[in-house]
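Data first, discussion second: the structure below is written as structure tokens.
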Amino acid sequence: MKPLPIICIDPGHNNSGADAGAEGNSLREQDLTLDIALHLKTLLEYNGFTVILTREGDVVHGPHQTEKQSLQARCNIANKAGADLFLSIHINAGGGTGTEIYVLPGGQAEIMATVLLPYLSQEGSWPNRGVKTNRRFYVLVNTDMPAVLTENGFIDHPKDAQKLGNPIFRKNLARAHAKGICAYYGIEFRDPEDKK
């Protein structure tokens, strides 16, 4: 039996320093992304995937004194592990609402993002802002495998922030990511909550 893919989950940003995330409505992006990522890791492992995280605590596993070092450390972790998919989780800011996914143009990442995005939009009951191509995001350019960067709501939008501040919503958002990943790989999603 062929082993399931290796998924590298990247909780965007660090607790502090040059690569800290956005803030708004008494929330910090770096805290939200880590919480979503930890739930997602559990769900994917339950479904048979091998999962690695670029960070499990305050900072990325590697040099992070500068933003470039922090971003390169994330790429190094995924590349060294020979991951099959790199998934970077972020929260947007700057005005707006809804969810979107960034990828390099063409290839498997764009296909994967097209499968994943409806799950995120439906779970959040927020606008689907589309799959967008971007050649400037460091982690998309410098990873050796298909890479997607999800933007899950806007931290500076009151209604989005109200959802993101709810731990149950973040857990459900992780489930939406897991369902989309399973769908992309043609695997029937199994929910550990169904066993309770």
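The values are calculated or read from the model by the stated rules, or taken from the named source; none is laboratory data. Since this is a predicted model, take the numbers as computed values, not measurements. Reconstructed Cβ throughout: ideal geometry from the backbone, glycine too, with neighbour counts over all protein chains shown. Please note that ligands, DNA and RNA were not included when accessible areas were found on the heavy atoms of the full protein model with its side chains. Shrake-Rupley method; radii C 1.70, N 1.55, O 1.52, S 1.80 Å.
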Item to check | Using θ = phi - 60° and Karplus 6.51 cos²θ - 1.76 cosθ + 1.60, couplings along segment 140-147 (whole Hz; Gly, Pro as x) | outcome: 6, 7, 10, 9, 8, 10, x, 10
Next on the checklist: Students sometimes get this wrong: rank 150, 133 by accessible area, probe 1.4 Å, all chains present, largest first.
Outcome noted: 133, 150
Next on the checklist: Rolling a 1.4 Å sphere over the protein heavy atoms, what is the accessible area per residue of the chain, to the nearest Å²?
Outcome noted: 46
Next on the checklist: Could you give each residue of segment 91-96 its phi-based ³J(HN,Hα) in whole Hz, using Karplus coefficients 6.51, -1.76, 1.60 with θ = phi - 60°, and x for Gly or Pro?
Outcome noted: 10, 7, 7, x, x, x
Checklist entry - Which percent, to the nearest 5, of DSSP beta bridges fully inside segment 60-191 are antiparallel? => result 30
Item to check | segment 108-139 residues near the modelled residue 183 label - backbone nitrogen below 11 Å, point 7 Å along Cα→Cβ | outcome: 113-123
Checklist entry - What is the Cα centroid distance between segment 1-65 and segment 138-169, reported in whole angstrom? => result 11
Checklist entry - Hey, of (i) 10.5; (ii) 13.5; (iii) 12.4, which did the structure itself give for mean projected area of the Cα convex hull in nm² when calculated? => result (i)
Checklist entry - Rounded to the nearest 10 Å², what accessible area does residue 16 show when all protein chains are kept and the probe is 1.4 Å? => result 70
Next on the checklist: At 0.36 nm per residue, and after removing the present C-alpha to C-alpha distance, how many nm does the segment from residue 141 to residue 114 gain when stretched out fully?
Outcome noted: 7.8 nm
Item to check | Average Cα contact separation per residue, the chain, under 8 Å, 6 or more apart, as relative contact order % | outcome: 26
Item to check | Net charge contributed by nearby residues that have their C-beta within less than 10 Å of residue 113 (K/R +1, D/E -1) | outcome: -1
Checklist entry - List the aspartates and glutamates whose alpha-carbon lies under 16 Å from that of residue 68, not counting same-chain residues fewer than 8 positions away? => result 10, 19
Item to check | Selected from 182, 134, 164, residue furthest toward positive end of dipole (the chain; charges at beta carbon) | outcome: 182
Checklist outcome for this item: Nearest-0.05 FRET efficiency for residue 26 and residue 193 at R0 = 22 Å, using Cβ-Cβ distance, is 0.15
Item to check | Potential lengthening between residue 65 and residue 169 on full extension [0.36 nm per residue; Cα-Cα distance subtracted] | outcome: 34.2 nm
Item to check | Karplus-derived HN-Hα couplings along segment 154-159 (A = 6.51, B = -1.76, C = 1.60, θ = phi - 60°), whole Hz, x at Gly and Pro | outcome: 10, 5, 9, 9, x, 6
Checklist entry - Of the cross-linked pairs 41/159; 41/80; 132/179; 41/163, which ones have a Cα-Cα span greater than 23 Å in the structure shown? => result 41/159
Checklist outcome for this item: Expected sort for 94-101, 181-188, 39-46 on mean C-beta neighbours within 10 Å, highest first, is 39-46, 94-101, 181-188
Next on the checklist: Quick check: at a probe of 1.4 Å, how many percent of the accessible area of the chain sits on carbon and sulfur atoms?
Outcome noted: 50
